[in-house]
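Beneath this line is the structure, given in structure tokens, with notes to follow.
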Amino acid sequence: MIKTQKLSQEQSIEKASNAYQAYMAALDGNKKKLPEHLFDELTDVNITGMVNGRHITRKELIAMHSEYFESGTKATIMHLKRVGKNQLDAKVRLHNDNGDRFLRKLLTVRNGKIVAFIKYTSTLASMYPPSDSDKKQTRPRHYYAGSTIVECAVATDTKTHHKRDQVNHFFTEAFEKIGIKSHPESSAE
């Protein structure tokens, strides 16, 4: 029987932060294969994420990150800060032949590894898919992740109804995996 040691929240955040910094340092601008040992050290085997309103699996994340390494992308951490009990807010500058790009992610950590993430721009509401037209907004939905509240306004037209349900399902599923219950208001319209 393998016995695993549970880390305190402080140890967990520190371990994930160090692993994140080591992983980003590996994105040094030289073309190479994805360092799987660093990726495995950083992420949980059941990691799940949200990018532009779309659910991302570990397999898809590995494919995305492989492209960064194989294209010789250089990463610079602009901001890495603990928010709430079990999350890190990260802003990274990616530079390659195509120019500069900035990524911002909210990373949920458990036992020193990232278990869930949300890619966003300046607000957490930006995780919803971009739309071409103005849409009416309903009352925001709230989700708690540790002591951090994630507030998202959702569009009400029929085109985005399915996407909204996907996002709500993602949050419910991701937070349940890590033992966090969504706010009671999240189930009310």
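Side notes on the structure shown:
- For region 44-94, the C-alpha radius of gyration sits at 1.30 times the compact-globule guess of 2.2 N^0.38 Å, with N the residue count.
- Sequence ranges 78-87, 16-25, ranked by mean other-Cβ count within 10 angstrom, highest first: 16-25, 78-87
- Extension gain for Ala63-Met78 works out to 3.0 nm (0.36 nm per residue, less the C-alpha to C-alpha distance).
- Set of region 25-59 residues, backbone N closer than 14 Å to the point 7 Å along the Cα-Cβ line of Ser71: 29-32
- Cα convex hull of region 1-126 - mean projected area over all directions, nm²: 8.1 nm²
- Between Asp28 and Gln11, the simple label model (points 7 Å from Cα in the Cβ direction) yields a spacing of 3.1 nm.
Taken together, the values in this text are just the output of simple stated rules run on the coordinates, not laboratory data. From a predicted model like this one, the values you see are computed outputs, not experimental measurements. Cβ: placed from backbone, ideal geometry, glycine included. Neighbour counts: every protein chain shown.
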